[in-house]
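Each value in this text was obtained by applying a stated rule to the coordinates, not by laboratory testing. These figures come from a predicted structure and were not determined experimentally. Counting neighbours? That spans all protein chains shown, and the Cβs are built from the backbone with ideal geometry, glycine included.
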Amino acid sequence: MKKTFQLIVANKNKDRQVESIKNEVRKYIKRERTKRLPENCNYWNFDCKFGKTAEEASEIRFVDITKSIDIAASENLDSFYLELIARAEFRKPKEKNQENSEDEEIED
């Protein structure tokens, strides 16, 4: 998704427009995550860019998308650019280190 969202829309409350944008982004993420993963991959990761325009967009973390939308709304911007590119990756499962947890319990 590469899109410039308008925050100021005629006949629409700004807060409702912000919620509408967030909903559209959530729907896109959900749709991408339900797609079939390629072999040797176990999750979808998203490359995210956010800015006033496409040229000014800088990379942000995936978890900061809604925060960035809220910041854009609080700064009274007319519009902002959001880019979300899904890519499949392989993430190793986290190993629970039982020895460390036992050592911590003994020290307490």
Next item on the list: Name the lysines eligible as straight-distance cross-link partners of residue 3: C-alpha to C-alpha under 19 Å, and not fewer than 8 places from it in the same chain.
Entry: 14, 22, 27, 30, 49, 52, 67
Note to self: Using only Cα atoms and rounding to the nearest 10 degrees, what angle (0 to 90) does helix 98-107 make with the longest principal axis of the chain?
What the structure shows: 80 degrees
Check: Roughly how big is the stretch 1-81's charge dipole about its Cα centre, with Cβ charges of +1 (Lys, Arg) and -1 (Asp, Glu), in debye to the nearest 20?
Finding: 480 debye
Check: So what does the Cα-only Debye profile of the chain read at q = 0.11, 0.12 Å⁻¹, as log10 I(q)/I(0), no solvent term?
Finding: -0.50, -0.56
Notebook entry, point to check: Want the number for residue 45 to residue 95: 0.36 nm per residue separation, take away the alpha-carbon distance, what's left?
Noted result: 15.9 nm
Next item on the list: Provide the gained length on full extension for the span residue 61 to residue 6, in nm with one decimal, where the gain is 0.36 nm per separating residue minus the Cα-Cα distance.
Entry: 17.6 nm
Checklist line | GNM top mover of 74, 20, 58 - the chain, alpha-carbon springs below 10 Å | finding: 74
Note to self: As an exercise, use a Förster radius of 25 Å and the Cβ-Cβ distance of residue 52 and residue 15 to find the FRET efficiency, rounded to the nearest 0.05.
What the structure shows: 0.80
